[in-house]
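Peer 1: First, the structure itself, so that you have it in front of you.
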Amino acid sequence: MNIVIIGRGNVATNLHYAFAKRGVACQMVSSREGLDQLPQANVYIYAVKDEALAEVVAQVKGKERAMHLHTSGTMPISVFGADKPHAGIFYPFQTFSKARIIEDFSTVPVFFEARGIDDISAVYSLALTITSHVYETTQHDRERLHVAGVYACNFTNLMYTMAADLLKTTHIPFSALLPLIDETAAKIHTLAPRDAQTGPARRNDENVMNHHLSLLNVEQQQVYQLLSEEIRKRNL
């Protein structure tokens, strides 16, 4: 098995490490240069931005016998044309950073699609080389999983950033929030998110919420009020 990963970003770097750690021959190439002279491989994985995917795919020619996979949570399999009959999607569901490599990829779920039973089997086997959590999915489900990930990860991290900004005017370090953050994440391993909800909006404590609002600037107030109202509407 020989894999070429097209891209050098967060996803590409972590996938390269995961495959290499398992002894799979794997190399990364830049999506911005030399795509007409790609090394021969059994599998080409396109780990590039959605907006660039179609253009990058179109530049790769003469690889009809190889498997072509992209890592997008939203792009369809149809981005691969008739010149790439063996194609699919290899979507590792995790937050990736080049500055923090995932050392143990075996717990990272990979969601995949492929054309035809043989390609489904091939992509499934490929995913099993780096993780035991492999799931065949559909475009409909994968798109919604991606949005769910934005809520659970990206928006949550924005809340950490806003919390850190609030503490900049104090002598309290952001690390003081880490036990709270860790316990909040730990609770939803055993409780449904609805059952884990706490806080003044959950209690409908107007006095506390109004006091909080008095400490915030206009933009912070808008976010606070929107999220508090969502909690109250859902009876969380």
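Peer 1: So how much slack lies between Glu206 and Asp118, counting 0.36 nm per residue of separation and subtracting their Cα-Cα distance, in nm?
Peer 2: 25.7 nm
Peer 1: Pulled fully out, how much extra length does the chain show between Val24 and Asp36, if you take 0.36 nm times their separation in residues and subtract their Cα-Cα distance? Display every interim value, and only then the final one.
Peer 2: Numbers: separation 12, 0.36 × 12 = 4.32 nm, distance 2.37 nm.
Gain on stretching Val24 to Asp36: 2.0 nm.
Peer 1: Give the calculated FRET efficiency between Thr170 and Val223 to the nearest 0.05, with a Förster radius of 22 Å applied to their Cβ-Cβ distance.
Peer 2: 0.70
Peer 1: Just rank Arg8, Arg142, fewest to most, by other beta-carbon atoms within 10 angstrom.
Peer 2: By the 10 Å Cβ count, ascending: Arg8, Arg142.
Peer 1: While we're on this one: In the Gaussian network model of the chain, springs joining C-alpha atoms below 10 Å, which of Met67, Met28, Met159 carries the largest mean-square fluctuation?
Peer 2: Top of the fluctuation ranking is Met159.
Peer 1: I've got another one for you. Pairs of lysines 8 or more apart, or on different chains, with alpha carbons under 30 Å: count those in the chain, would you?
Peer 2: 18
Peer 1: Next question, about the same structure. How high is the FRET efficiency from Ile77 to Ser97, r the C-beta distance, R0 25 Å, rounded to 0.05? Before the final figure, lay out the partial values.
Peer 2: Details: r = 27 Å, r/R0 = 1.08.
Given R0 = 25 Å and the Cβ-Cβ separation, E is 0.40.
Peer 1: By how many degrees, between 0 and 90 and to the nearest 10, does the Cα long axis of helix 178-187 differ from the longest principal axis of the chain?
Peer 2: Its long axis makes an angle of about 70 degrees.
Peer 1: Additional query: Can you tally the net charge around Glu113? Count Lys and Arg as +1, Asp and Glu as -1, for every other residue whose Cβ sits under 13 Å from the Cβ of Glu113.
Peer 2: -2
Peer 1: Could you tell me, in Å, what Rg and Dmax come out for the Cα atoms of the chain?
Peer 2: My reading of the Cα-based Rg and Dmax gives 21.8, 67 Å.
Peer 1: Which FRET efficiency value, to the nearest 0.05, is calculated for Phe155 and Met1 with the Förster distance at 35 angstrom and r the Cβ-Cβ distance?
Peer 2: It comes to 0.40.
Peer 1: A follow-up question, please. How much of the pair distance distribution for the range 142-233 lies past 22 Å, counting alpha-carbon pairs only, in percent?
Peer 2: Percentage above 22 Å: 36.
Throughout, read-outs are computed from the coordinates displayed, never taken from laboratory work. Because the structure is a prediction, the values reported are computed rather than measured. Positions of Cβ are backbone-derived with ideal geometry, glycine not excepted, and every protein chain shown enters the neighbour counts.
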